[in-house]
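Only one structure is covered here, and it is reproduced in the block below.
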Amino acid sequence: MAHPRDHARWPDAELLAGIAARDPQAFSTFYRRHLRLVLATLARETGDREVAADLAAEVFASVMVAAPRYQARQDTARPWLLGISRNVLGHSRRRGRVDDRARRRIGVQALALGDSDLERVDAALDEGRLEVSDLVQALPALERSALVARIVDERPYAEIAAQFQCSETAVRKRVSRGLARLRAQLGES
Amino acid sequence: MNDDYFSKLDEQLSALTSAGAHLDRRARWRPIDRAARRTVAALGLVVLLAALLMIEFPGSASGSAQRATAQTSQMVQTASGSGPIAAPAARGQLT
């Protein structure tokens, strides 16, 4: 394990092991490392900044509870974390209100949201969009062109195929590969 | 120290992490619970098997098997003491 002072350098798996071993610094580092991602995901899914902030609190409380059972399969815990986010979101949608089971279990006190907090959710959402934009720019040219034409411009496959002088199947494959690459890079695979 | 929502949440969850609020308090008792459950299950199985044996062989219960064997031996001795038992006549044979 790395030196305790170097929490920022710890990989996610070690931070989660630290959380399981009651290390508050490990939790704080994990939280600060991933808060933006969780907020952006929840804000994008719900379209509501207050709900996103409330859900984020539940997600990180759930992370604490689930940390002792975490089994590292990758360098990053982002897929695991996004899985928790999806579970919390799905449960909240089914019940028609924001899930708070993990917070009740560990005794988290309710906190008030201010305008600056909502602005922070907006900032996370914008940064998330920028990150996606950067990732799209980094795609291979053919995949990027097909993805933008299909997903952003919403053009039919036949038209895109005619433009690129290839079959529709080829365009579909490029779009599919591009999306898969983006998902993998965003840790959502 | 910041007093915004996300900083307070960080502080609160970090403090709860330090206190171990997220850990399963029943975890330390789980091996004992498991051993107790296994013991009860084993005892239940023994009782069930005994009950099945008693239903299948009712005479063997509470020592009546020995009595039944003794009675059978006595009957055999009585029969042999009164001489050979005459074989039944074959059908159609005149005696």
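The values are calculated or read from the model by the stated rules, or taken from the named source; none is laboratory data. Quick caveat, the model's predicted, so the values are computed rather than measured. Here Cβ is always computed from backbone atoms with ideal geometry, including for glycine, and neighbour counts include all displayed protein chains. For accessibility, only protein heavy atoms count, side chains too; no ligands or nucleic acids. Shrake-Rupley method; radii C 1.70, N 1.55, O 1.52, S 1.80 Å.
Let me know the mean shielding of A:13-20 by other chains, meaning the per-residue number of their Cβ atoms within 10 Å of its Cβ.
Mean partner shielding for this stretch: 1.
Please average, across the residues of A:22-31, the number of beta carbons from any other chain that are within 10 Å of each residue's own beta carbon, and give a whole number.
For peptide A:22-31, the averaged partner shielding equals 5.
Please compute the modelled spin-label separation between A:R44 and A:A158, points set 7 Å along Cα→Cβ, answer in nm with one decimal.
Here the modelled spin labels are 3.2 nm apart.
Shape of the range A:1-141 from its Cα gyration tensor (a ≥ b ≥ c, root eigenvalues): rounded if a/c is under 1.5, otherwise prolate when a/b > b/c, or oblate?
oblate
For the range B:31-38, what does the Karplus curve 6.51 cos²θ - 1.76 cosθ + 1.60, with θ = phi - 60°, yield as ³J(HN,Hα) per residue in whole Hz, taken in order and with x for Gly and Pro?
Once rounded to whole Hz, the list reads x, 5, 4, 5, 4, 5, 5, 5.
Non-local amide H neighbours of A:C166 (under 5 Å, H modeled in plane, Pro and chain starts lacking H): which ones?
none
Would the range A:150-189 count as rounded, prolate or oblate if I go by the C-alpha gyration tensor, calling it rounded below 1.5 in a/c and otherwise prolate when a/b exceeds b/c, oblate otherwise?
It is prolate, given that a/c is not under 1.5 and a/b is the larger ratio.
Can you give the net charge of the other residues whose Cβ lies under 13 Å from the Cβ of B:S7, counting K and R as +1 and D and E as -1?
Result for the neighbourhood of B:S7: -2.
For n ≥ 4 DSSP H runs only, could you compute -39500 (n - 2.57) per run for chain A, divide by its residues and tell me the 222 nm figure to the nearest 500?
-22500 deg cm²/dmol
Once phi is turned into ³J(HN,Hα) by the Karplus curve 6.51 cos²θ - 1.76 cosθ + 1.60 with θ = phi - 60°, what whole-Hz value does each residue of the range A:158-174 show in order, with x for glycine and proline?
Karplus values, whole Hz, x for Gly and Pro: 4, 5, 5, 4, 5, 5, 8, 6, 9, 7, 4, 4, 5, 5, 4, 5, 5.
Please work out how much accessible surface B:W29 shows to a 1.4 Å probe, ignoring ligands, DNA and RNA, in Å² rounded to 10.
That residue has around 140 Å² of solvent-accessible surface.
What figure, in Å² to the nearest 10, do you get for the accessible area of A:V132 with a 1.4 Å probe and non-protein molecules left out?
Taking all protein chains as shown, A:V132 has close to 50 Å².
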